[in-house]
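Undergrad: Mind looking over this structure? Questions follow.
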Amino acid sequence: MKTKIIILTSLLYIASVRHAAAQATSASDLVTIGHTMPAFTIVSDDGTQIPSARFGGKVILINFFATWCPPCQTELAEMEKTLWPEYRDRDDFALLVIGREHSDAELKPYRDKKGFSFPLYPDRDRHIFASFATQDIPRSYLIDRNGKIIFATKGYTKREFDNLIKAIDRALLQGTSKNSEFKACEELKAEFTCRK
């Protein structure tokens, strides 16, 4: 009997810890699937500004990373290997890889060292990141042509990255349908959670 009580108590404790962790993780999300992409401006070290509105009408993949983050390194290497060669020449697609708490002066040597051919953008003071989340990287947000978030990832797994590629393909095929975020999600519903 004592053994059953100990096992039951242990299971309840594990369940409560997992529930608390899930709540803490979701609390870090300021936007999610179905939300409109927050407006932001990328500001380079030299003062050059790139407003997010410049990418209107395109499918946009926004990725937040840090140079010190091991899962970020894995994800960026996979982007360089599979994602960027596939989509780099498309006029209807934009990739914004944003270094959280990094400047251009830090990102340029990092990019050169890693051999990345895609651009890296600074977010020195977390102004952009703070519009999307409070913590946790890497993070990616896929935005449809209408400015709606249709896919979001936190952390890195190969399976989730493969699902992201599928979602990009679907979004590029969607055109400008008003409910494209839900349609793309419905087609992949076995892969991730859809929210209307």
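Undergrad: How many residues does the stretch 107-148 contain that are buried (at least 17 other Cβ atoms within 10 Å of the Cβ) and of a type in the set (D, E, K, R)?
TA: Count: 7.
Undergrad: Return the residues of the stretch 113-134 that are in contact with a helix residue (DSSP H, G or I) (Cβ under 9 Å, 6 or more places away or on another chain) and not charged (D, E, K, R); say none if nothing qualifies.
TA: Correct list: GLY115, PHE116, SER117, PHE118, PRO119, LEU120, TYR121, PRO122, ILE128, THR134.
Undergrad: What about ASP104, is it within 26 Å of ILE150 (Cβ to Cβ) and surrounded by fewer than 18 Cβ atoms within 10 Å (Cβ to Cβ)?
TA: Numbers: within 26 Å of ILE150 (Cβ to Cβ): no; surrounded by fewer than 18 Cβ atoms within 10 Å (Cβ to Cβ): yes.
For ASP104, the condition - within 26 Å of ILE150 (Cβ to Cβ) and surrounded by fewer than 18 Cβ atoms within 10 Å (Cβ to Cβ) - is not met.
Undergrad: While we're looking at this one, here's another question. Among the residues of the stretch 20-35 satisfying the criterion of being surrounded by 13 or more Cβ atoms within 10 Å (Cβ to Cβ) and among the small types (Gly, Ala, Ser), which is modelled with the highest pLDDT?
TA: Residues of the stretch 20-35 surrounded by 13 or more Cβ atoms within 10 Å (Cβ to Cβ): 25, 28-35.
Retained after the next criterion (residues that are among the small types (Gly, Ala, Ser)): 28, 34.
On the way: SER28: 82, GLY34: 93.
Ranking the qualifying residues of the stretch 20-35, first place goes to GLY34.
Undergrad: Considering only the stretch 36-56, state which residues are in a loop (DSSP other than H, G, I, E, B) and at pLDDT 95 or above.
TA: Kept after step one, since they are in a loop (DSSP other than H, G, I, E, B), are these residues of the stretch 36-56: 37-40, 44-48, 56.
Answer for the stretch 36-56, where residues must be in a loop (DSSP other than H, G, I, E, B) and at pLDDT 95 or above: MET37, PRO38, ALA39, PHE40.
Undergrad: I've got another one for you. Is it the case that the stretch 40-56 has a residue that's under 13 Å from the mean Cα position of the chain (by Cα) and either under 26 Å from ASP92 (Cβ atoms) or of a type in the set (S, T, N, Q) (or both)?
TA: Step one: filter the stretch 40-56 for residues under 13 Å from the mean Cα position of the chain (by Cα), giving none.
Within the stretch 40-56 (the criterion being under 13 Å from the mean Cα position of the chain (by Cα) and either under 26 Å from ASP92 (Cβ atoms) or of a type in the set (S, T, N, Q) (or both)), the answer is no, since none of the residues qualifies.
The values are calculated or read from the model by the stated rules, or taken from the named source; none is laboratory data. What you see is a predicted model, and the numbers here were worked out from it, not measured in a lab. Ideal geometry is used to build each Cβ from the backbone, glycine not excepted, and the neighbour counts take in all protein chains shown.
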